[in-house]
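Undergrad: Here's a structure for you.
A short reminder: the numbers here are calculations on the coordinates, not readings from a lab. Remember, predicted model here, so these are calculated numbers, not experimental data. Every residue, glycine as well, gets a Cβ built from its backbone with ideal geometry; the counts of neighbours run over all protein chains shown.
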Amino acid sequence: MELLIKNGAVYDPINGIKGDKTDISIKNGKIVDKVSSRALVIDAGGRLIMPGGVDAHSHIAGAKVNVGRVMRPEDTRAGIIPRTKITRPYTGYTVPNVYAIGYRYAQMGYTTVFEAAQAIMKARHTHEELEEIPIIDKGALTLFGSNWPTMDYVREKDMDKLAAYVAWGLLASRGFGIKAVNPGGGEMWGFGKNVSGLDDVVPNFDVTPAQIIVSLMKVNEMLGLPHSVHLHCNNLGKPGNYKTTLASMELAKQVKPSKDRQVMHVTHLTFNSWGGTNWGDFESKADEIANFLNNSENVTTDMGQLIFGSATTMTADGPVQYANAKLLHAKWGNGDVELEDASGVVPIFYVKQISIHAIMWAMGLELALLTKDPYKVLLTTDHPNGGPFVNYPEVIALLMSNKKRQEEIKTLNEAVHKRTRIPGIERELDFNDIAIMTRAGSAKVLGLLDTKGHLGAGADADIAIYDIKPDQIDPSVEHAKIKSAFSSAAYTIKGGEVVVKDGQIVATPAGRTFWVDASVPDQHTDIMMKDIRMKFKNYYSINLANYMVEDAYVTHPNVVRAGVIPVTAR
Amino acid sequence: MQTVTLKPRMEIMISVEAENISPDRFAGRTEKEIQSLEVWMGNRRTTIGELFSVKVEGEGGSAAADTEIIMEGDFSRVKRIGEGMTAGSIMIKGNVDMHLGAKMSGGKITVAGNADSWAGREMKGGEIIIEGDAGYYLGSGYRGETCGMRGGKITVLGNALDFVGEHMCGGEIVVKGNAGLLPGLSNNGGKIIIGGSTSRPGSEMAKGTIIINGAVDEMMPVYRQEGTEVVDGVTYRKYTGDVVVNGKGLLYVK
Amino acid sequence: MTVITDALCPLCGCMCDDITVVVEDNKITEVKHACKLGAAKIMGHDRIKAPMMRTDKNSDFKEVSYEEAIDAAARILAGSKRPLLYGWASALCEVHKKGILLTEELGGIIDNTASVCHGPSALAVHEKGLPSSTLGQIKNRADVVVFWGSNPAHAHPRHMGRYSVFARGFFSEKGRKGRKVIVVDVRKTDTARIADEYIQVQYGSDYLVISALRAILAGHADVVPDTVGGVPKEQLVKLVDTLKTAKFGAVFFGMGLTQSKARYKNIDNAISLTTELNSFTKFVIMPMRGHYNVTGFGQVCTWETGFVTAVDFSRGAPYYNPGETAANDVLARKEIDAAMIIAGDAGAHFPANSVRYLARIPVVQVDPYWNPTTEIANIVIPTAICGIEVEGTGYRMDGVSLRYRKMIEPVHPTDIEVLDRILERVRELRGE
């Protein structure tokens, strides 16, 4: 099967293409240098072409997502579309069903999405849902930040065992990388408590969040994992937490990257760039975070942009969710996982006239606009925490148009003027910047640049064509057109197959699941497994033999090999 | 004024979903156009004309306010009548099924018979009068929502079952007869007046008023008695609560 | 002879995963570690041998081929204006997915057995959420365990040993000795007999008692009457003190709470009590789910449709409103015109009126076993037993998913094969 896309205005930052008319040749699902004359031709007619969108942080599958759905039938009843001959029914807005997730991402031109947190013990559930999400490629990051084995090995300073545990945990969970959420706090939430800073000691385990973060970064680089440690900082949700965020980012200096990428990805900065000491003097410190990023080379971030209206917060950060539920008098889901981590789910409604929400809205944008290099700030809404992913086009329009921002600011609580810098920021991003923040940068941060995020030969033929002619539009003025075009791709091509045409789903192939198989010396695994067997015998409520995710749950795998020693296929 | 009269053409056993029976949808439409409006019977898409005879009299222009719907016969298997209506009137000379006047914001619905559960669900304005009995969840919300009825008035001349005005945030509900378990549950505004008896009123009431003129079978153990008070010339025992939610709700019991 | 270790028990929501099964000549000859109930299920009992049909429900069944039974079942379902597909609790998640697809294509209603046991719990979760945890969290940490309207000594025999009362863990090395066990129930159950404290609540008064506990916890003991639901106020005050001074507390509730007066509102109230206890210490709450994979159906239905069960697909999109769309709602209103009962027994558990109505309409049963539903069925299609003859996924009562092993080879087709063939035939009949 060959396809030739002609006449498009291509934005492919990795290959240095900025709006040039470039033909794209596709064969057998991959981008190639040339196709034969038999190739099917799509005439893009001068319209905007980008690589398929890549989302490095979204909550799309697993236990807490499903808890969100069960808790929120009032959300599920929004956005319902009946079945058709091609599609299953869509439901939900902040907590869509599996089908709506795949279809809506594809309709925006996205083709690869990573679930941001799974506990190993609940990974089977995550994969059951990932399997059912149509079209897009996906993967899931595995939680390691409060696991008992992690903390034991950090305390013992045994990086070999920790690396062996991470490698085994990735295999057990079919995970793609290391996620740490409020490191140490997950354990403390087991007794309703929390850590309050990077140097707090976790009782009974005698380790600090800082030690956990640094050790996980070290083994991440020992293992040469494609992605870096993916960190949800301590103290999230507390005014003044930007200091903890900056201190966490400082830790990145202690570790050298094993590849051409960051050693730490700090996620959803809208929730941890908070200044002030309480809700009264709450303010944005996104400028300080941006300043750090402008002077550092080994940390990346994503926005976690706030979208006004309904959202569902869900995170492995159990204590912050209890605090949220109490503050908002909202319903509360909690899901501690024995020996591993916590989690919580709380609905929220972001209101323009609430000062805290208006300030948070500004934070994501400030971060993106004050950080010079778009490779350091990915576009996310931390779906569905800041808001549902279907609002990415809104965020794109805000980043590309100061006019739109100023119009929006007029409708917000006045605190946005005094406690953020957004009103005075004039920078407007261009299509190349947007292509970086939504594709090239995300693929680079994830370590997937070999096949994702660009349009060079060898890449997966994941392509989006949008109904905009870049040379005939002024995004600053025509921001509504920008938003509408990015909401509804003229074409989405996934693995060489047209899956969306004129915003409508036309085919629903199954996507693949990326996971990382990292090898370590057998003797490290052997001694590590002695500890693990002991933990199963005494503490887990299931048997070791029933713990690891079986092949049956990853029917379209894409295994990425890594490891401390030369790798042989498992 | 345009008057549209509907009569069932057959006995209906499988529920019909008929949110198109509404002054807003009928306004300015001819008999033929109304007949062709969609309704669903189970999994079969059908039309108003297939299930009901339709007679249009008078000229109404295109405004819902100038449209009156008269329904004669048994509609006890017809759901969602008047859903979302903004103006005009519906007179039903019989019983109706669930979700009568759900989300309505204006106009008036009168039912000569009984209305099944969720009558006036998430109602914002207008008036519903049920001359017979009402089912469960009168004037309540949808599952998971924090607000049920927000405005308007519902009057039931007969009895209502459990959960009257659950999550009510505004408006008024009057039940002349008895109300079932837990009226005014989790309400956050609005007023409920019960002529007869009920049980466990006002649990988790944060705000709002409940007046009970009959017997209270079981009182919630979460109310503070504050002596007596005269409301509209009647002396009641006055309670405030629910203390569990630091509620400012007022509960008056005769 | 084959010995299978670490096998999962397909009986109750505990889903014990430490079972050893001995197999000789494709027959299970021995079951180790399981409780009596679990062992009996795994050892097996009389099966329906072949598909059977009858037109008149008063006449005897005639054995037919699978092809004939599946064709007849498809004709009934494809012609129905309002089909109900009910059961699912004794089937694996892979079957649930297929069942949801079939229901969607039929424009029917799908509902599971939770409708008549723990369905009310979900309605409460919509209102209040669910502060919960995995069972191992309780095993390792809990020093106070409350059983409210639940009786694990009978219904979940290994629960107390593996997860709750007697289990030893990291912070709970002393097991039973380090735990306070409280039972709240209308009668002194066997679980109550081994408890440290038993609180007897008058029948139907749970809601009032929970509200009183919440008022006391919120510092408003002054408004609470001297006795609530038959429980003296001093006992309630003492109980609140025990709960809030726990290091880690867990509430397990059962059908004593979900099926008594005020039903799901009892759970709603208990969830709020649990949430409010978290202002003082750590507390979690969990339903004691009955059938092993009733939880799994809820999970699958939720990610597929957004709704947990009782989903009406009649207009091509999921619609959910228990009280309107649950199996018993539509049966009580006599508006179903055909039913498929699969991996669950409607005949035994529904109210008499609903069963009488089922007896009047075409009913297809898909099940390994003869049960009261068989007596009111027209078409009976026997299948392999999930979790014994078929491998696949189940969800434990705490939402942990585990993979069931196949212990022996099936003689009958699996539920998935049967559903696939029905779906295929339905599409043919509709000319798709």
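Undergrad: Please grab the % of Cα pairs in chain A that end up more than 33 Å from each other.
TA: In whole percent, the share of Cα-Cα pairs in chain A beyond 33 Å is 38.
Undergrad: Here's another thing I want to ask about it. Loop-only check: which GluC sites (Glu not before Pro) in region C:79-185 are DSSP coil with at most 13 other Cβ within 10 angstrom?
TA: C:173
Undergrad: Relative contact order for chain A using alpha-carbon pairs under 8 Å, separation at least 6, rounded to a whole percent?
TA: The normalised contact order for chain A reaches 20 percent.
Undergrad: Here's another thing I want to ask about it. Going by Cα centres, region C:1-68 and region C:219-253 are how many Å apart?
TA: When both Cα centres are located, 45 Å separates them.
Undergrad: Normalising by the residue count of region C:119-287, find the relative contact order in percent from Cα pairs under 8 Å and 6+ residues apart.
TA: 31 percent
Undergrad: I'd like to know which of B:137, B:212, B:225 lies farthest towards the positive end of the charge dipole of region B:114-253, counting +1 on Cβ of Lys and Arg and -1 on Cβ of Asp and Glu.
TA: Value: B:225.
Undergrad: Right, another one. With N residues in region B:114-253, what two-decimal value do you get for its Cα radius of gyration over 2.2 N^0.38 Å?
TA: 0.92
Undergrad: So which lysines can residue C:334 reach, going by Cα to Cα under 22 Å and dropping same-chain residues fewer than 8 places off?
TA: Candidates past the 8-residue exclusion: B:79, C:57, C:81.
Undergrad: Mind checking which of C:160, C:255, C:407 has the largest fluctuation in a GNM of chain C, springs on alpha carbons under 10 Å?
TA: Looking only at C:160, C:255, C:407, the largest GNM fluctuation is found for C:160.
Undergrad: Still on this structure: Mind checking the mean number of beta-carbon atoms from other chains within 10 Å of the Cβ atoms in C:247-257?
TA: 1
Undergrad: Say the cut-off is 21 Å between C-alpha atoms; which of C:139/C:174; A:238/C:247; A:30/A:494 go over it?
TA: A:238/C:247
Undergrad: Restricting everything to alpha-carbon atoms, can you work out Rg to Rh for the protein assembly as shown with a Kirkwood hydrodynamic radius?
TA: 0.96
Undergrad: Going by C-beta contacts inside 10 Å, put A:274, A:168, C:370, A:279 in order with the fewest on the left.
TA: Arranged by neighbour count, lowest to highest, A:274, A:168, C:370, A:279 become A:279, C:370, A:168, A:274.
Undergrad: Moving to a separate point now. Rounded to the nearest 500, what is the 222 nm mean residue ellipticity of the protein assembly as shown from helices alone, with -39500 (n - 2.57) per DSSP H run of 4+ residues and division by all residues?
TA: Counting only the DSSP helices, I get -7500 deg cm²/dmol.
Undergrad: Mind putting a number on the dipole of chain C about its Cα centre? Charges go on the C-beta only, +1 for Lys and Arg and -1 for Asp and Glu, and I need it in Debye to the nearest 20.
TA: So the magnitude is around 1340 debye.
Undergrad: Considering only C-alpha atoms, what is the centroid distance from region A:348-390 to region A:41-114, in Å?
TA: Between the Cα centres of region A:348-390 and region A:41-114 lies a distance of 20 Å.
Undergrad: On to the next question. Put +1 on the Cβ of every Lys and Arg and -1 on every Asp and Glu Cβ in the protein assembly as shown; which of C:164, B:180, B:2 then has its Cα farthest towards the positive end of the dipole?
TA: Highest projection toward the positive end goes to C:164.
Undergrad: Note down the net charge around residue A:137, summing +1 for each Lys or Arg and -1 for each Asp or Glu among other residues with Cβ under 10 Å from its Cβ.
TA: Charge balance near residue A:137 sits at +2.
Undergrad: My understanding is that a pair violates if its Cα-Cα distance is over 25 Å; which of A:331/A:418; A:179/A:259; A:18/A:352 do that in this structure?
TA: A:331/A:418; A:18/A:352
Undergrad: Let me ask something additional. Take every residue in peptide A:129-139, count the Cβ atoms of other chains within 10 Å of its Cβ, and give the average of those counts.
TA: The shielding value for this peptide is 1.
Undergrad: Ok, one more. In Å and whole numbers, how far do the C-alpha atoms of chain C stretch along each principal axis, longest first?
TA: For chain C, the Cα extents along the three principal axes come out at 68, 53, 36 Å.
Undergrad: Okay, next question. Using 19 Å as the Cα-Cα cut-off, could you pick out the over-long pairs in C:180/C:238; A:21/A:404; A:326/C:128; A:193/A:326?
TA: Over 19 Å Cα-Cα: A:21/A:404.
Undergrad: Sort C:240-253, A:76-89 for me by packing, meaning the mean count of neighbouring Cβ atoms within 10 Å per residue, highest on top.
TA: C:240-253, A:76-89
Undergrad: Which order do peptides C:80-92, A:365-377, A:420-432 fall in by mean Cβ count within 10 Å, highest first?
TA: Averaged packing, sorted descending, gives the order C:80-92, A:365-377, A:420-432.
Undergrad: Compactness ratio of region C:343-432: Cα Rg over 2.2 N^0.38 Å, N = residue count?
TA: 1.29
Undergrad: Note down the relative contact order for chain B as a percent, whole number, built from C-alpha pairs under 8 angstrom at least six residues apart.
TA: About 10 percent, as a whole number.
Undergrad: Using the crude model of +1 on Lys and Arg Cβ and -1 on Asp and Glu Cβ, and no other charge, please compute the dipole size for region B:114-253 relative to its Cα centre, in debye to 20.
TA: Value, rounded to 20: 360 debye.
Undergrad: Projecting each Cα onto the charge dipole of chain C (Lys/Arg +1, Asp/Glu -1 at the beta carbon, about the Cα centre), which of C:325, C:115, C:347 comes out farthest on the positive side?
TA: C:115
Undergrad: Nearest 20 debye, what's the magnitude of the dipole of the protein assembly as shown about its Cα centre given +1 on Lys and Arg Cβ and -1 on Asp and Glu Cβ?
TA: Around 1240 debye, computed over the protein assembly as shown.
Undergrad: Any aspartates and glutamates with Cα under 20 Å of the residue C:62 Cα? List them, leaving off those in the same chain fewer than 8 positions away.
TA: C:46, C:71, C:367, C:375
Undergrad: For the pair residue C:63 and residue A:559, how long in nm is the line joining their label points, each one 7 Å along Cα→Cβ?
TA: Here the modelled spin labels are 4.7 nm apart.
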